[in-house]
Amino acid sequence: MCIRFGEGIPDKAIEDFNKLVQTGYMADYLEKLEMLKALVMPSLPHSSNSYYKACFMSGLKEEIVNVVKMSKLGTLANAIEAAKLQEKNLKVI
């Protein structure tokens, strides 16, 4: 990871985390989110669950985020599960 993010690892990781957007499947988005979150957490130890949830939600595809927002789920874990379910529902349609 050091090679990818260079010398300014915390700053670059935070920037990438805040700008992360879902362009493909949920699994790919979650993999990137978790990797960046692991890099960001040591630099922002006092960040709340709502910060991570807000970053996750802001990067979701529009057809997924609207349903997740309507669910008004309190935790990042619950929002992730709702997003996975919505993606699955969209595949069925």
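The values are calculated or read from the model by the stated rules, or taken from the named source; none is laboratory data. Keep in mind it's a predicted model, so treat the numbers as computed, not measured. Cβ atoms come from the backbone with ideal geometry, glycine included; neighbour counts cover every protein chain shown. Quick note on the areas: whole protein, heavy atoms, side chains included, nothing else; ligands and nucleic acids left out. Shrake-Rupley method; radii C 1.70, N 1.55, O 1.52, S 1.80 Å.
Things worth noting here:
- Every pair of residues 6+ apart whose Cβ atoms lie under 6 Å, when the first sits in segment 35-54 and is part of a helix (DSSP H, G or I) while the second is acidic (Asp, Glu) and open to solvent by less than 60 Å² (accessible area, probe 1.4 Å): Leu36/Asp16
- Residue list for segment 66-88, restricted to those being in a helix (DSSP H, G or I) and either buried (at least 19 other Cβ atoms within 10 Å of the Cβ) or touching a residue at least 12 places away in the same chain (Cβ under 8 Å) (or both): Val67, Val68, Lys69, Leu76, Ala79, Ile80, Ala82, Ala83, Lys84, Gln86, Glu87
- The set of residues in segment 22-36 being open to solvent by 40 Å² or more (accessible area, probe 1.4 Å) and in contact with a Leu (Cβ under 9 Å, 6 or more places away or on another chain) consists of Lys32 alone.
- Annotation for segment 67-74: no member residue is under 17 Å from Asn89 (Cα atoms), modelled with pLDDT of 95 or more and out of contact with any Lys or Arg (no Cβ under 7 Å at 6 or more places or on another chain).
- All positions within segment 43-65 that are surrounded by 13 or more Cβ atoms within 10 Å (Cβ to Cβ) and not hydroxyl-bearing (Ser, Thr, Tyr): Leu44, Lys53, Ala54, Cys55, Phe56, Met57, Gly59, Leu60, Lys61, Ile64, Val65
- Checking each residue of segment 3-19 against the condition of being within 18 Å of Asn89 (Cβ to Cβ), in a helix (DSSP H, G or I), at pLDDT below 95 and more than 15 Å from the chain's Cα centre (by Cα) gives no match.
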